[in-house]
1. Which loop-located trypsin sites (Lys or Arg not before Pro) does segment 352-385 contain, where loop means any DSSP state but H, G, I, E or B and the Cβ has at most 15 other Cβ atoms within 10 Å?
2. Hey, which of these cross-link pairs are over 30 Å Cα-Cα: Lys34/Lys62; Lys234/Lys286; Lys154/Lys286; Lys45/Lys66; Lys11/Lys62?
3. Report P(r) for segment 81-207: all Cα-Cα distances, bin width 5 Å, range 0 to the bin holding the largest distance, values in whole percent.
4. Put +1 on the Cβ of every Lys and Arg and -1 on every Asp and Glu Cβ in segment 320-464; which of Gly327, Leu423, Ile387 then has its Cα farthest towards the positive end of the dipole?
5. Averaging over all projection directions, find the projected area of the Cα convex hull of segment 56-143 and quote it in nm² with one decimal place.
6. Go through segment 77-159 and name the trypsin sites (Lys or Arg not before Pro) that are in a DSSP coil and have 14 or fewer other Cβ atoms within 10 Å of their Cβ.
7. Provide the percentage of antiparallel DSSP beta bridges, counting only those with both residues in the chain; round to the nearest 5.
8. How far is helix 84-95 tilted off the main Cα axis of the chain, in degrees rounded to 10, range 0 to 90?
Amino acid sequence: MFVGRQRELNKLESMYSSAQFELAVFYGRRRVGKTTLINEFCRDKETIFFVASEATGQENLKQFSKAVFQTVNPNAPSPSFSSYDELLTYIDGICMERRLILVIDEYPYLASSYKAISSLLQAHIDHSWQNSQLFLILCGSSMSFMEEQVLGYKSPLYGRRTAQFKIHPFTFFEARQMLAAFTSEEQAVLYGVTGGIPEYLSRINPRISLDKNLIELFFDESGRLFEEPVNLLKQELREPATYHSIISAIAGGASRLNEIAGKTGLETSGCSNQIASLIALGIIRKETPVTEPATSRKTIYRLEDSMFLFWYRFVRPNISGITRGIGETIYYQMVTPNISDFMGHIFEDICIQYLYHPQIYATLPFLPGSIGKWWGNNPVAKRQEEIDIMAVQDDQALLGECKWRNADINMEILRQLLERGNLFHYAKQYYMLFSKTGFTKDVKEYVENTPNIKLISFNDVCNL
């Protein structure tokens with residue numbers, strides 16, 4: 001079942017109907033659903049679909065030739081072209097006559113095996129395809145390569161693309177479409193432990209419980225996700241051992257560069273370089289307080305991919321026990337009592353997605369440019385403060401608190417949020433409280449007479 005990505009599909013269909021040359025560039029981390037999206041778009045359309053491999057240029061040429069003839073003349077023998085230029089020249093003649101989609105998936109592998117391919121594509125675009133009906137799609141999982149070597153200004157293909165699609169993991173609202181057999185709370189947990197990655201979500205078995213799913217996926221030596229982070233890092237990075245240490249440090253609570261370097265025993269400069277590589281892969285994200293510029297020294301690092309957070313927090317420390325067959329016991333003793341704590345940051349992300357939802361965003365008291373977290377010093381109380389959600393626009397600010405726990409939000413939590421609001425001096429300040437379960441009676445009564453405070457339960461989030 002194909003779900004989500006409707007905006008991307010609509011854009012692609014619009015481009016296809018133009019009947020003129022198009023070049024769409026797709027990129028995003030592995031397992032995020034790029035190829036699935038492209039296949040859905042190409043369904044019922046004449047398409048040459050070539051998936052490059054980590055092989056020699058000659059071997060890729062042979063496979064590329066086979067893909068061309070399987071589409072253009074499937075009943076004839078499949079000879080190999082003698083060169084990539086000959087292959088592309090053959091395509092020149094076809095796309096002048098009719099609409100044709102040419103997909104090159106895993107493009108970085110092809111570019112690695114045949115260095116001149118980008119320049120060759122540029123030549124055919126400029127001299128032949130520009131006036132043709134070819135719809136060219138280049139797709140890759142190496143985000144740094146696609147951004148620099150395909151979209152970057154130093155690339156021979158710079159300025160040729162007519163659209164680019166950075167494919168992100170599903171939001172909670174998109175992931176729910178794949179989790180209809182579960183309760184809303186279970187959907188949130190499954191979204192959190194899979195990071196919204198469609199391929200992982202597709203592995204959830206709707207016929208068994210949430211607990212059974214997580215045990216089979218993560219806490220069984222044969223489970224699909226038992227070694228997934230290890231395999232991903234091996235695919236993307238050389239000598240991944242140090243990267244494991246960095247991710248483990250962040251999963252364990254280290255967030256500042258000096259803390260991470262201290263826990264891993266790395267020099268700060270080397271640690272910074274390796275963190276940059278993990279950011280490029282979409283595993284780690286760099287954050288600054290929403291009121292600060294991106295260059296602020298208040299930088300912290302968090303795991304962008306919550307599947308990695310789950311794995312490094314609960315699976316990696318227990319690999320020996322899992323391989324000895326006691327994964328189920330480990331799950332119930334280690335995961336079940338701590339899942340609410342794990343879900344804290346996940347719930348914050350879900351609440352931010354809620355605020356960005358088209359139905360909600362237009363109803364906010366002002367339209368924020370960005371929504372994020374805030375942390376800083378409280379000079380009166382002489383302590384560090386954090387605000388889960390904050391948005392600012394000119395002289396207006398929105399401050400929010402998110403609680404994923406089995407207890408209603410009470411007046412103490414509301415007062416804390418209002419006190420943190422006193423750290424700022426915006427002309428208009430608005431407050432939002434997000435709760436997994438609900439709110440105490442006195443909080444509801446207080447808010448009835450305070451129009452700049454809004455209460456939002458998890459049920460409200462799910463009823464969009």
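The values are calculated or read from the model by the stated rules, or taken from the named source; none is laboratory data. What you see is a predicted model; the values in this text were computed from it and never measured. No Cβ is skipped: glycine too gets one built from the backbone with ideal geometry, and neighbour counts run over all protein chains shown. For accessibility, only protein heavy atoms count, side chains too; no ligands or nucleic acids. Shrake-Rupley method; radii C 1.70, N 1.55, O 1.52, S 1.80 Å.
1. Lys382
2. Lys11/Lys62
3. 2, 9, 16, 16, 12, 10, 9, 9, 8, 5, 2, 0
4. The one lying farthest along the dipole's positive direction is Gly327.
5. With every direction weighted equally, the projected area is 5.7 nm².
6. Passing both the DSSP loop test and the Cβ count: Arg98, Lys115, Lys154.
7. 30 percent
8. 90 degrees
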